[in-house]
Amino acid sequence: MTLRLRLLLWLLLALALLLVPLGVITVRQAQRTVQETLERAALSRLGFLLSQGQLRIQDLAQIVQEFGGVGFILGPEGRTAFTDLGDYRLPEGLEETLKRGQSFREVRDNWLWVALPTDEGGLGLGTPLEEVAALPQRLLQLYLSIGGLLALLAFAVGAWGLSGSLRPLDAVSRELARRNAENLEPLSTPSLYEARPAVEAMNALMGELKAALHRLKVQEQAARRFAYGASHELRNPLAALKGYLEVLQRRPGEPRATKGALREAIRMESLLQGLLTLARLEGQGRVQGQPLDLKTFLEQRGLEVEGSGWVEADPDLMVVMLENLLQNAHKHAGGIEKIVLEPDAGGIWLWVCDRGPGFEPELLPRAFEAFTKNNQSDGVGLGLALVAAVAQVMGGQARAENRPEGGARVGIWLPTAKG
């Protein structure tokens with residue numbers, strides 16, 4: 001059963017629960033009101049007749065013609081005169097009530113009896129209540145005709161309103177139906193307030209799926225880069241190692257061949273370790289950092305630092321990043337000139353300034369790409385790529401610049417610690 005049908009059924013039930021009790025109460029109240037009005041009118045006419053002084057059966061008969069039924073006058077010694085010759089019996093307790101000087105009003109056998117006391121006895125009338133008894137049937141017919149049409153109109157208006165209110169859900173359904181499996185963009189916020197939590201939850205889920213797919217894509221790219229890098233970069237050291245081993249096979253114990261083979265083995269180990277670390281970082285999502293005092297962190301490692309600042313960072317990853325920054329400066333840029341902490345836009349820049357010639361113009365835009373190095377470098381070209389990967393997983397970024405006064409500076413920006 002659809003939500004729209006359920007709402008329409010609930011609307012129909014609500015209308016029934018409203019109209020049926022209201023109709024019963026209205027009919028009963030109308031019947032009671034008519035009866036009370038009839039009593040007051042009859043007593044008023046009898047009171048007016050008493051005020052005329054002389055009581056005559058003919059005058060009472062005129063009143064009876066207005067109300068219908070029969071009139072009666074109680075005389076001395078219990079004599080009773082009726083306005084016609086029918087077989088009538090006064091209700092029990094009427095004479096006793098009049099003798100006490102009280103008016104009488106009561107319904108007996110679907111007849112209304114009212115009477116007023118007089119000095120000699122009393123006078124009154126009895127009128128049938130067929131019209132009053134038939135009032136519920138007439139009102140019921142009126143309810144079933146006009147009331148039914150009004151209820152049907154109310155239901156139609158309510159159904160139209162409910163259908164209109166559910167149109168935002170239909171719009172969401174149509175938007176989802178038009179999408180393919182790769183479209184994980186957020187859904188537009190519906191105008192129906194009650195539907196917003198569901199759409200927001202769906203958008204959050206699609207955001208997580210999009211992030212997961214992005215991580216899978218990055219992991220796939222990292223795996224491909226690893227395979228390409230390993231196959232491409234290991235070719236030269238493997239060829240060199242093979243040559244040294246061939247020399248050692250011919251001349252066992254040759255010191256230069258042994259030294260060269262060890263050097264190439266170390267180079268391959270460094271390359272594989274760097275590739276594995278880079279692949280792990282690139283396939284990793286955002287890590288949860290902790291407040292870290294950068295100045296203290298760097299000074300504990302024997303470095304002099306200008307400036308200070310707290311950042312959100314992972315200490316273990318910071319060690320990986322710092323080792324590669326320092327190694328890059330010492331090995332390829334003439335050593336470290338200074339380390340500067342510089343606040344900027346809700347974060348802190350950690351700059352490592354070197355004494356080298358700076359980056360070559362054609363290499364500077366690709367400084368953080370894997371295997372980027374100049375022809376004179378004997379490194380594997382993964383150090384700055386690891387620096388950029390560490391910055392990314394900690395929610396930061398990396399930058400390399402040539403300084404106007406000479407040399408270069410390489411740094412990472414990390415968000416300021418919260419609290």
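Residue count for segment 13-30 satisfying the condition of being of a type outside the set (Ser, Thr, Tyr) and closer than 19 Å to Ser145 by Cβ: 10. Going by the conditions given, is Gln62 outside any helix (DSSP H, G or I) and out of contact with any helix residue (DSSP H, G or I) (no Cβ under 7 Å at 6 or more places or on another chain)? Against the criterion (outside any helix (DSSP H, G or I) and out of contact with any helix residue (DSSP H, G or I) (no Cβ under 7 Å at 6 or more places or on another chain)), Gln62 does not qualify.
Is it true that some residue in segment 69-92 is aliphatic (A, V, I, L, M), in a helix (DSSP H, G or I) and in the same structural domain as Gly122 (by TED's automatic domain parsing)?
no
Which of the residues belonging to segment 135-170 are part of a helix (DSSP H, G or I), surrounded by 15 or more Cβ atoms within 10 Å (Cβ to Cβ) and modelled with pLDDT under 75? Of everything in segment 135-170, those that are part of a helix (DSSP H, G or I), surrounded by 15 or more Cβ atoms within 10 Å (Cβ to Cβ) and modelled with pLDDT under 75 turn out to be Leu135, Pro136, Leu139, Tyr143, Gly147, Leu162, Ser165, Pro168, Leu169. Residue check: Val319 meets all listed conditions (1) surrounded by 16 or more Cβ atoms within 10 Å (Cβ to Cβ); (2) within 27 Å of Ile266 (Cα to Cα); (3) β-branched (Val, Ile, Thr); (4) modelled with pLDDT of 85 or more but one, namely (1).
Counting only residues that are over 42 Å from the mean Cα position of the chain (by Cα) and outside any helix (DSSP H, G or I), how many does segment 291-341 have? Final tally of qualifying residues: 18. Could you tell me whether Glu39 is assigned by TED's automatic domain parsing to the domain that holds Asp119, among the acidic types (Asp, Glu), modelled with pLDDT of 75 or more and over 30 Å from Leu149 (Cβ atoms)? In short, yes. Looking at Leu98, is it crowded, with 16+ Cβ neighbours inside 10 Å, assigned to a loop (DSSP other than H, G, I, E, B), modelled with pLDDT of 85 or more and not polar (S, T, N, Q)? Spelling it out, it is not the case that Leu98 is crowded, with 16+ Cβ neighbours inside 10 Å, assigned to a loop (DSSP other than H, G, I, E, B), modelled with pLDDT of 85 or more and not polar (S, T, N, Q).
Looking only at segment 112-133, residues that are over 60 Å from the mean Cα position of the chain (by Cα), closer than 14 Å to Gln31 by Cα and among the hydrophobic types (A, V, I, L, M, F, W, C) come to 2 in all. Within segment 380-394, residues that are farther than 12 Å from Trp413 by Cα sit with their Cβ atoms under 8 Å from residues that are among the β-branched types (Val, Ile, Thr) and buried (at least 24 other Cβ atoms within 10 Å of the Cβ), at 6+ positions apart or across chains, in these pairs: Leu384/Val410. Kindly check whether there is at least one residue in segment 101-109 that is assigned to a helix (DSSP H, G or I), out of contact with any strand residue (DSSP E or B) (no Cβ under 8 Å at 6 or more places or on another chain), assigned by TED's automatic domain parsing to the domain that holds Thr37 and not polar (S, T, N, Q). No, the conditions are met nowhere in segment 101-109. Scanning segment 388-415 for residues that are surrounded by 20 or more Cβ atoms within 10 Å (Cβ to Cβ), closer than 14 Å to Arg366 by Cα and in contact with a Phe, Trp or Tyr (Cβ under 7 Å, 6 or more places away or on another chain) turns up Ala388, Ala398, Ala400.
Scanning for something modelled with pLDDT of 85 or more and either aromatic (Phe, Trp, Tyr) or in a helix (DSSP H, G or I) (or both), does segment 23-33 turn up at least one residue? Taking every residue of segment 23-33 in turn, none turns out to be modelled with pLDDT of 85 or more and either aromatic (Phe, Trp, Tyr) or in a helix (DSSP H, G or I) (or both).
Thr127 meets all of the listed conditions (1) assigned to a strand (DSSP E or B); (2) β-branched (Val, Ile, Thr); (3) free of Cβ contacts under 8 Å to residues at least 60 places away in the same chain but one, namely (3). Out of the residues in segment 226-262 meeting the condition of being over 30 Å from Leu281 (Cβ atoms) and among the small types (Gly, Ala, Ser), tell me which one is modelled with the lowest pLDDT. Residue satisfying both the conditions and the ranking: Gly253. Scoring Val114 on the criteria (1) part of a helix (DSSP H, G or I); (2) at pLDDT 75 or above leaves a single failure, condition (1). Screening Ala177, Ala181 for residues that are modelled with pLDDT of 75 or more and loosely packed, with under 11 Cβ neighbours inside 10 Å leaves exactly one candidate, Ala177. Regarding segment 343-362, can at least one residue be identified that is of a type in the set (D, E, K, R), surrounded by fewer than 14 Cβ atoms within 10 Å (Cβ to Cβ) and closer than 23 Å to Leu281 by Cβ? Checking segment 343-362: not a single residue is of a type in the set (D, E, K, R), surrounded by fewer than 14 Cβ atoms within 10 Å (Cβ to Cβ) and closer than 23 Å to Leu281 by Cβ. Put simply, of Ala333, Ala313 the only residue that is modelled with pLDDT under 85 and of a type in the set (A, V, I, L, M, F, W, C) is Ala333.
Looking only at segment 36-50, residues that are surrounded by fewer than 17 Cβ atoms within 10 Å (Cβ to Cβ) and touching a strand residue (DSSP E or B) at 6+ places or on another chain (Cβ under 7 Å) come to 2 in all. When restricted to residues that are out of contact with any Ser or Thr (no Cβ under 9 Å at 6 or more places or on another chain) and at pLDDT 75 or above, segment 185-202 contains 9.
The values are calculated or read from the model by the stated rules, or taken from the named source; none is laboratory data. Everything quoted here is computed from the prediction, not taken from an experiment. Neighbour counts run over all protein chains shown; Cβ positions are idealised from the backbone, glycine included.
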